[in-house]
Amino acid sequence: MPVPAIIFPADPLNPRRPDPHFAWEARMLRESGGDHHLVDHDGLLAGRAEEAVRRVPRDSGPLWYRGWMLPSARYADFAAALAARGGNLLTSAHGYATAHELPGWYDVFEGATPASAWIPSDGPVVPGPAELAQAVARLGGQGPAIVKDYVKSRKHEWHEACYVPELADLAAVGRVVERFVELQGEFLAGGVVLRRYEEFERAGVPAEGPVMAPDTEPVMGGADGADAVDGDGRAVEARVWWLDGRPVLVGPHPDAPRRAVEPDLTHVPALVRRLGCRFVTTDLASRADGSGWRVVEVGDGQVSDLPRGIDASGLLAALIAA
Ligand SMILES: Nc1ncnc2c1ncn2[C@@H]1O[C@H](COP(=O)(O)OP(=O)(O)O)[C@@H](O)[C@H]1O
Ligand SMILES: [Mg+2]
C-alpha cells in the first residue's frame, strides 16, 4: 500500500522550499522517513487550485496537508485539483469543514463545550438586532459571553471585539459584534458565533481574579517566571492531536508552548470518534472551579498550529503510517 506524503505550503520567496513556518516540521518528517510535496498557498486562496498544486507529482496517492488555514470552499478546490492529478487528500472537503467550522462539530461536542449559538452570514454583514436577540435568547438571555466566527476569534482585541460582559445588554452585544465583523472584514468565516463565557484556569491569575484578555501581555519580573512569560490572564489550554480516534500527541497550546498540561481525556475519545474525522485537534481548558476539563474548540489537524520545536515525530510517523 502506498505511504501517505504530506503537502506543506511553499516558501513564497523560494517555491522549491517549504514555507519557513513549516520548515522544521518538514525536516522532522524527513527524519521520520516521510516525503513531502509543496503547494502554492496564495494560489489556493486566490482560487487557482490547479496551478497551485502543479509541484505535487501526478499519481501521488494518499496525501495529508499541514499548512495555513484555508476557507472550506478553497480546501474543496484543493482536494478536487489533487484528485484530478491522482492525489487523494485523506481528509475530504466535507471532513475538513466538519472539524474546521464550529457548526460542523458543535452538535457532537454539545455539553462538553461552552453553549453556543450562531448566525450564518454571506460575507462581513453585521446581524440585525432581531437576529442577535434570538441568538442571545438561545443562550439563556444573560451572563457573559464571547464572540467569534465559525473558525476564529479576535482574542487579541478582547474587550473591543471578543468579550461580552452581559448578554442581557443587547446594545453592548451589538457593539462588540459590530466591531468584530468590521475587524474580520472579508476574512469573516461563515457567520457570527456567540458562546457562553466559562471561567477557566488562567496562567498567573488566581481563580477568583478579574476577567482579563486571554492574551494580555505578561507583567515582567513577576514572582512566577514561567507564568509571566506565558502571559497572565490567558486560559491554560492543552492541544490534543487525534488520529483515527486515538490521541497521538498531547501537548501545550501554541499560545503558551512551554506549559506542561495534563488534561483529563476520559470523555473526549468517544466524541472524537463520533465526529468521524480522521485527523483533528481539540483544545481543552480546565474549569477554574476544578470541576473538570472543557473542549474550547475543535480543529482540523491539518491546519492546527503545532508549537514550534515540540517533538512531533510520533505524530508525523503516525500520519505517514495511516
Ligand atoms: N466560552 C469561553 N469561555 C471562556 N473563555 C473562552 C471561551 N471561548 C474562548 N475563550 C478564550 O478565548 C480564546 C480564543 O477563543 P477560541 O475559541 O480558541 O478562538 P481562536 O480560534 O481565535 O483561538 C481561548 O483560547 C480562551 O482563552
Ligand atoms: Mg483557540
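The values are calculated or read from the model by the stated rules, or taken from the named source; none is laboratory data. Note that the coordinates shown come from a computational prediction; the quantities given were computed from them, not determined experimentally. Note: ideal-geometry Cβ built from the backbone for every residue, glycine included; neighbour counts use all protein chains shown. Note: accessible area is taken over every heavy atom of the protein model, side chains too, but ligands, DNA and RNA are not part of it. Shrake-Rupley method; radii C 1.70, N 1.55, O 1.52, S 1.80 Å.
Assorted remarks:
- Within the range 150-165, the set of residues being in a helix (DSSP H, G or I) and either away from ligand 2 (no atom under 12 Å from the Cβ) or more than 18 Å from the chain's Cα centre (by Cα) (or both) comprises Glu157, Trp158, His159, Glu160, Ala161.
- Any chance Gly290 is more than 16 Å from ligand 2 (Cβ to nearest atom) and at pLDDT 95 or above: no
- In the range 10-22 there is at least one residue matching the filter, namely being touching a residue at least 12 places away in the same chain (Cβ under 8 Å), among the small types (Gly, Ala, Ser) and more than 26 Å from Val272 (Cβ to Cβ).
- Residue within the range 129-145 that is crowded, with 17+ Cβ neighbours inside 10 Å, in contact with a helix residue (DSSP H, G or I) (Cβ under 7 Å, 6 or more places away or on another chain) and without any contact (Cβ under 8 Å) to a residue 24 or more places away in the chain present: no
- Any hit, the range 65-81, residues being more than 24 Å from Ala189 (Cβ to Cβ) and either assigned to a loop (DSSP other than H, G, I, E, B) or of a type outside the set (Gly, Ala, Ser) (or both): no
- Residue match in the range 106-127 (condition: part of a helix (DSSP H, G or I), surrounded by fewer than 15 Cβ atoms within 10 Å (Cβ to Cβ) and not assigned by TED's automatic domain parsing to the domain that holds Gly190): yes
- The set of residues from the range 187-206 being at pLDDT below 95 and more than 13 Å from ligand 1 (Cβ to nearest atom) comprises Gly204, Pro206.
- Residue match in the range 14-36 (condition: in a strand (DSSP E or B), closer than 25 Å to Asp244 by Cβ and open to solvent by 30 Å² or more (accessible area, probe 1.4 Å)): yes
- Test: Arg58 is open to solvent by 60 Å² or more (accessible area, probe 1.4 Å) and more than 27 Å from Arg294 (Cα to Cα): yes
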